[in-house]
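Everything on this sheet refers to the single structure shown next.
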Amino acid sequence: MKLQPLRPTLLSCRQIDDVNEALGRGLIGEGFDVARHRSLGLITVDQDDSAYVALDEATKHAAVEVVFARSFYAGAAHASGPLSGEMLGVVAGADPDEVAEALWVIKQHLAEAVCFQTMADRPQPSSALLAHVVTETGSYLSTVAGVAAGDPIAYLIAPPMEALVAVDAALKAAPVTLLQFIKAPSETNFSGAFLGGSIADLQAARDAFVDAIADVVSRPLQAARRPARLRR
């Protein structure tokens, strides 16, 4: 099986060094703290889940928090504008230099690390998927997945049918824990799961997830056959 990367595009990246306090409270809510949230870094990306992993990576390298991260309905193909993409992410920190460092980490991570993939040796167009083991979570994904910061997780995303079959296969492939199942429909109509366990077990589960999707793509109607008890 040959996986072909679908690299994300960072569509916009801006910084507000000293955000208006009322706007900060409108964005972050009652948790807005001028001592911690003076400067904001904003990104839009055409792949939401890749961006979420990159945002988490930023929290491991700079003194920032992810204060807003949301996908847009219907995905990048139906974006509200040329710079909207599939999601808006915002990091916040007390020091503009820390926010600037976080934005650079996000840019580099999107360019070099995690991304969606498709199966180049399967019928085209093939299903897009994200199957990634985060070996050490930062403050963002650890909170989303419900684990301690630093714990590893498998981040598994695919279209709804493929995801349901593949998450089941992943859970059976290794002694991993289903931390969260992402039901369809999500904002972008994808589905998936966060899994917990050792890095080796998560890697085995990830591989089983990919193999199961390859099987669904190759044989989408495999179960659409007359049951043996009805055969004559």
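The values are calculated or read from the model by the stated rules, or taken from the named source; none is laboratory data. None of the values given here were measured: they were computed from a predicted structure. Here the Cβ is made from the backbone with ideal geometry for all residues, glycine too, and neighbour counts use every protein chain on show.
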Seminar exercise, completed: Considering residues that are over 25 Å from A35 (Cβ atoms) and either in a strand (DSSP E or B) or touching a residue at least 12 places away in the same chain (Cβ under 8 Å) (or both), the number found within the range 80-97 is 6
Seminar exercise, completed: Taking the range 118-150 and keeping only residues that are closer than 18 Å to L178 by Cα and modelled with pLDDT under 95, one is left with none
Exercise. Which residue, of A77, A22, is out of contact with any Leu (no Cβ under 7 Å at 6 or more places or on another chain), at pLDDT below 95, of a type in the set (G, A, S) and farther than 22 Å from E136 by Cα?
Worked result: A77
Exercise. With respect to E98, is the statement that it is modelled with pLDDT under 95 and of a type in the set (D, E) true?
Worked result: no
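Results for (1) outside any helix (DSSP H, G or I); (2) surrounded by 21 or more Cβ atoms within 10 Å (Cβ to Cβ); (3) touching a Cys at 6+ places or on another chain (Cβ under 6 Å); (4) at negative phi, shown as yes or no for each residue.
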| position | (1), (2), (3), (4) |
| --- | --- |
| L130 | yes, yes, no, yes |
| E136 | yes, no, no, yes |
| V165 | no, no, no, yes |
| P220 | yes, no, no, yes |
For this session: Return the pairs, sorted by first residue and then second, in which the second residue is surrounded by 15 or more Cβ atoms within 10 Å (Cβ to Cβ), the first residue lies in the range 1-13 and is modelled with pLDDT under 90, the beta carbons are less than 6 Å apart, and the residues are 6+ apart or on different chains.
Result: M1/A214; L3/Q117
Exercise. So is A148 closer than 22 Å to D56 by Cβ, more than 17 Å from the chain's Cα centre (by Cα), of a type in the set (A, V, I, L, M, F, W, C) and assigned to a loop (DSSP other than H, G, I, E, B) or not?
Worked result: yes
Exercise. In this structure, does G85 turn out to be at positive phi, in contact with a helix residue (DSSP H, G or I) (Cβ under 6 Å, 6 or more places away or on another chain) and surrounded by 17 or more Cβ atoms within 10 Å (Cβ to Cβ)?
Worked result: yes
Exercise. For I182, all conditions in the list (1) in contact with a strand residue (DSSP E or B) (Cβ under 8 Å, 6 or more places away or on another chain); (2) buried (at least 21 other Cβ atoms within 10 Å of the Cβ) hold save one; what is the number of the exception?
Worked result: (2)
For this session: Taking the options I157, I153, I106, name whichever one is modelled with pLDDT of 95 or more, in the same structural domain as D33 (by TED's automatic domain parsing) and either of a type in the set (V, I, T) or touching a Cys at 6+ places or on another chain (Cβ under 8 Å) (or both).
Result: I106
Problem set entry | Sole exception among (1) closer than 12 Å to V167 by Cα; (2) more than 20 Å from the chain's Cα centre (by Cα) for F194, by number | (2)
Exercise. Quick one: is D46 in contact with a Ser or Thr (Cβ under 6 Å, 6 or more places away or on another chain), in contact (Cβ under 8 Å) with a residue 40 or more places away in the chain and not assigned by TED's automatic domain parsing to the domain that holds A149?
Worked result: yes
